[in-house]
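The values are calculated or read from the model by the stated rules, or taken from the named source; none is laboratory data. Keep in mind it's a predicted model, so treat the numbers as computed, not measured. Neighbour counts run over all protein chains shown; Cβ positions are idealised from the backbone, glycine included. Heavy atoms of the whole protein, side chains included, go into the accessibility calculation; ligands, DNA and RNA do not. Shrake-Rupley method; radii C 1.70, N 1.55, O 1.52, S 1.80 Å.
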Amino acid sequence: MQTLAEVRAAVERLALPERGTIGGRLTAAADGATFENVSPRDGRVLGLVPRMGAADIDAAVAAARAAFEDGRWRTLTPKARKRILFALADRMEAEADELALMETLDTGKPITDSRNIDIPLAIQTVRWYAEALDKVYGEVGPGNAAKLSIAVHEPLGVIGAITPWNFPLHMAMWKVAPALAMGNSVVLKPAEQSPLTAMRVAELAIEAGLPAGCFNVVTGFGDPAGAALARHMDVDMITFTGSGPVGRKLMIYSGESNLKRVSLELGGKAPQIVFADCPDFDAAAEAAAWGVFFNQGEVCTAASRLLVQQEIADEFMAKVVEVARSIRVGDPLDPATRFGAMVSREQLGTALRYIDTARNEGDRLLLGGRQVRTDSGGFYLEPTIFDCVAESSTLAREEVFGPVLGALTFKDTKDALRIANDTIYGLASGLWTGSLDRAMTVSRQLRAGLVWVNGWDACDITMPFGGFKQSGFGRDRSLHAMHKYADLKSITFTVRDTNT
Ligand code: NAP
């Protein structure tokens with residue numbers, strides 16, 4: 001698939017999944033309802049997807065509970081569980097091109113990104129947790145000769161995963177892989193905009209030998225399907241990536257039902273700070289542009305607030321604009337495209353409204369700001385840059401979740417930190433400086449779960465991912481994610497002295 005013609009031919013051959021998976025079986029909605037799955041590439045309907053609801057959630061949770069209670073997965077030897085998860089990763093790899101096409105058709109992201117980033121990282125995540133599952137050790141307490149205390153990790157039970165549309169399979173695997181690796185059963189509710197890859201991977205899991213009921217995929221809308229999952233009395237935990245407003249609801253649902261655990265990966269308004277002693281202005285300008293324009297800006301870690309030290313602001317912004325100007329908005333199926341469509345008409349509308357607001361509030365438009373490729377029927381927006389953004393302006397404070405950069409200036413380190421931390425969010429952040437002392441000092445004072453020094457988005461599966469403040473709590477990635485899907489049990493053995 002090197003050319004647009006080859007990719008189009010592959011799309012013609014592509015068979016899209018049509019069912020969810022409950023208890024190891026491909027399943028339509030109990031009431032037969034469906035919804036139209038629209039591609040943002042051209043606004044056309046890709047197919048019908050089951051519109052599942054509370055009855056389907058009940059069935060999926062019952063299947064997951066049965067699988068957990070009879071131990072068909074959690075009591076397998078680590079070696080056996082590992083073999084099955086590796087088999088799943090192998091099947092995903094064998095179908096990587098098809099999964100990439102589905103992801104691009106569903107989300108509008110460039111096929112090159114789906115093939116080189118989303119799908120490989122989803123596969124890597126499954127492999128990483130397969131490898132890790134026998135490397136999570138318990139603890140032995142200090143005690144004394146009369147007592148032996150151990151702390152062991154035990155799976156929680158039934159995990160409800162609710163995921164977004166921006167990296168559909170990748171985000172889903174961040175949750176499903178560690179939850180399964182720890183021996184849990186999972187019910188996944190993917191976003192309505194992008195259900196295809198999750199549907200297909202649930203089918204591949206059956207082929208890989210994952211016992212029925214351990215991984216269920218229920219397609220449908222946030223309300224009723226997601227809400228029914230989060231309100232369910234027999235779900236032990238909800239693990240979520242998505243917006244703050246839905247995150248709040250999930251905590252309420254938990255409180256109103258069985259006090260299930262809730263883990264939230266929410267939004268962000270990430271500051272990227274460029275100090276005058278930046279060691280590489282070209283690299284920083286690339287990072288400033290691609291930090292917010294990658295994936296059409298639909299990234300929770302998008303570097304949407306650019307903080308530039310006053311004395312370099314004009315020169316540096318000219319470089320950023322130059323990089324951004326070279327970004328061509330194109331057909332997501334064209335392998336040459338690096339910037340595709342926004343996920344939906346609604347998301348495009350939201351971004352356009354933020355652009356209007358920024359103009360009205362006096363932010364200065366340096367680049368973009370218009371909807372483009374309207375003839376395609378799809379939802380495309382130009383990379384957009386505003387500068388002279390006031391700290392109090394909407395663009396400096398609210399998450400757009402689209403390709404809109406707001407640039408601000410600062411005087412000195414103290415000023416930069418004050419502006420960077422003046423947000424309800426705390427997911428990602430970054431800084432560019434040639435001073436080791438400044439790098440160390442500022443990175444410790446940034447109130448965010450991720451800090452990147454002289455680079456952007458520079459960490460991987462080995463490092464925990466998650467937010468401070470209203471960006472949520474709980475961590476995806478790394479061994480910490482495995483601990484999230486387990487309870488710690490302390491067991492104490494009282495030892496009788498056999499010498500007496
Ligand atoms: P969203 O509207 O919160 O949706 C996320 C998921 O929640 C979807 O599966 C959605 O279902 C479901 N949902 C909606 N209402 C629900 C309810 N009442 N009960 C249970 N589930 C419900 O967010 P989004 O529009 O997909 O994604 C954008 C947001 O996610 C942004 O704020 C972004 O920052 C954040 N995000 C964060 C991260 C991170 O790692 N921190 C990563 C990606 C995105 P339907 O879509 O089917 O309605």
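Couple of notes before you dig in:
- Local net charge near Leu26, Cβ-Cβ under 14 Å (Lys/Arg +1, Asp/Glu -1): -1
- Ranking of Arg305, Arg231 by solvent-accessible surface, largest first: Arg231, Arg305 (1.4 Å probe, protein heavy atoms only, all chains present).
- Computed over the chain, the per-residue total of -39500 (n - 2.57) for DSSP H runs of n ≥ 4 gives a 222 nm mean residue ellipticity of -11500 deg cm²/dmol, rounded to 500.
- Where trypsin sites (Lys or Arg not before Pro) fall in DSSP loop in the stretch 348-454, at most 13 other Cβ within 10 Å: Arg370, Lys411
- Counting every alpha-carbon pair across the chain, the share separated by more than 40 Å comes to 24%.
- Dipole of the chain, positive end: most advanced residue of Ser149, Gly209, Leu259 [Cβ charges, Cα centre]: Ser149
- Given their separation in residues at 0.36 nm each and the Cα-Cα distance between them, Thr498 and Ser435 gain 16.3 nm when the chain is fully extended.
- Of the residues Val49, Ala439, Leu85, the one whose Cα sits farthest towards the positive end of the charge dipole of the chain is Leu85 (charges of +1 on Lys and Arg Cβ, -1 on Asp and Glu Cβ, taken about the Cα centre).
- Over all Cα atoms in the stretch 25-162, the spread is summed up by Rg and Dmax: 20.6, 71 Å.
- Solvent-accessible surface ranking, highest first, for Phe339, Phe68 at 1.4 angstrom: Phe68, Phe339
- Taken about its Cα centre, the chain carries a charge dipole of about 1240 debye when Lys and Arg each add +1 at the Cβ and Asp and Glu each add -1 at the Cβ.
- Residues Ala33 and Asp97, FRET efficiency given R0 of 30 Å [Cβ-Cβ distance, rounded to 0.05]: 0.45
- Whole-Hz ³J(HN,Hα) from phi, Karplus 6.51 cos²θ - 1.76 cosθ + 1.60, for the stretch 202-212, glycine and proline x: 5, 5, 5, 5, 5, 4, 6, x, 5, x, 4
- When the solvent-accessible area of the stretch 272-324 is split by element, carbon and sulfur atoms take up 49 percent of it, the probe being 1.4 Å.
- With every protein chain in place, the stretch 160-259: carbon and sulfur % of accessible area (1.4 Å): 59
- Its relative contact order, with pairs defined as Cα atoms under 8 Å and 6+ residues apart, puts the chain at 18 percent.
- For the stretch 272-286, 3J(HN,Hα) per residue [Karplus equation, 6.51 cos²θ - 1.76 cosθ + 1.60, θ = phi - 60°, Hz, x = Gly/Pro]: 10, 9, 10, 7, 4, 8, 3, x, 8, 5, 5, 5, 5, 5, 4
- Pairs from Lys269/Lys489; Lys175/Lys469; Lys82/Lys189; Lys109/Lys260; Lys135/Lys489; Lys147/Lys260 whose Cα-Cα separation, in the structure shown, is over 27 Å: Lys269/Lys489; Lys109/Lys260; Lys147/Lys260
- In Hz, Karplus ³J(HN,Hα) per residue of the stretch 128-136 (6.51, -1.76, 1.60; θ = phi - 60°; x = Gly, Pro): 4, 6, 4, 5, 7, 5, 9, 10, 9
- Counted residue by residue at 0.36 nm each, then reduced by the alpha carbon distance between them, the extension gain from Ala66 to Arg13 reaches 15.3 nm.
- Unit charges at the beta carbon, dipole of the chain: most positive-side option, Ala15, Met317, Leu188: Leu188
- Normalising the average separation of contacting C-alpha pairs (under 8 angstrom, six or more residues apart) by the number of residues puts the relative contact order of the stretch 410-500 at 23 percent.
- Accessible area (Å², 1.4 Å probe, nearest 10) - Trp165: 30
- Debye-formula intensities of the stretch 173-269, expressed as log10 I(q)/I(0) at q = 0.18, 0.22, 0.23 Å⁻¹, are -0.87, -1.25, -1.34 (one equal scatterer per alpha-carbon, no solvent).
- Its Cα gyration tensor gives the stretch 214-290 an equivalent ellipsoid; the semi-axes, largest first and in whole Å, are 40, 14, 11.
- Shown for the stretch 304-365 is the translational diffusion coefficient from the Stokes-Einstein equation, using the Kirkwood radius over Cα pairs, a temperature of 37 °C and a viscosity of 0.692 mPa s: 231 µm²/s.
- Where the chain is the region considered: accessible area per residue in Å², 1.4 Å probe: 41
- Eigen-decomposition of the gyration tensor built on the alpha-carbon atoms of the stretch 386-457 gives equivalent ellipsoid semi-axes of 21, 14, 12 angstrom, largest listed first.
- Accessible carbon and sulfur surface of the stretch 1-136 relative to its total accessible area, %, 1.4 Å: 49
- Relative contact order [Cα under 8 Å, 6+ residues apart], the stretch 81-213, whole percent: 31
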